[in-house]
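The values are calculated or read from the model by the stated rules, or taken from the named source; none is laboratory data. Everything numeric in this text was worked out from a predicted model, so none of it was measured. Cβ coordinates were reconstructed from backbone atoms using ideal geometry, including for glycine residues, and neighbour counts include every protein chain displayed.
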């Protein structure tokens, strides 16, 4: 078990009382990982402290506004790959099968492409496979981190950590293409409409790179789709 990936999965999950209580232990795990740079560790420590001591309702509201109501910050990775196209549903069905073949059955109502779910799965996989998967998604992770940085969100530290763990430099053109999309403000309905009309982006510069398991996981993005609907916490 890669405890750092598990810790990052928890940090990027919806804040709960149980998560707040676990933050000191999570912070200790991250502080002890030599793969993370000192600056990233410092930022992660501040994030963990904020999640441990902040008002729970404020933390939950901030999380929803960032990740649930903002398409450009969605933690559902296929959102940044397929948008609302039919291919997204088929990709998620295939990803579930990838999880099951690895002996992993997500115990959550979130979609299988939800980043915390993926990180929990990768925490159980060989280190090379986990690293290659993060590397293939590096430009998405870097773009999300940059957008969070623009909003002065402490969550940007979690994405900086994932970049460290990927051990690669994201494709600059791919990152720039994502950042060229306007950031959506959940309180601005006109801006939200404009973002939802944007075209889909690609997932990684080279889908044939990495280990076979990773290529299989990424190949599901081009398969025919079934229909799946995302969880709406606002309901």
Next on the checklist: Kindly evaluate residue 47 against the criterion of being outside any helix (DSSP H, G or I) and crowded, with 19+ Cβ neighbours inside 10 Å.
Outcome noted: no
Checklist entry - If you go through segment 1-14 one residue at a time, do you hit one that is farther than 20 Å from residue 140 by Cα, over 18 Å from the mean Cα position of the chain (by Cα) and modelled with pLDDT of 95 or more? => result no
Item to check | Scope segment 21-44; condition more than 17 Å from residue 163 (Cβ to Cβ) and in a helix (DSSP H, G or I); matching residues | outcome: 21, 22, 23, 24, 25, 26, 27, 28, 29, 31
Checklist entry - Considering only helices (runs of 4 or more DSSP H) fully contained in segment 53-161, which possess at least 3 residues that are touching a strand residue (DSSP E or B) at 6+ places or on another chain (Cβ under 7 Å) and without any contact (Cβ under 8 Å) to a residue 40 or more places away in the chain? => result none
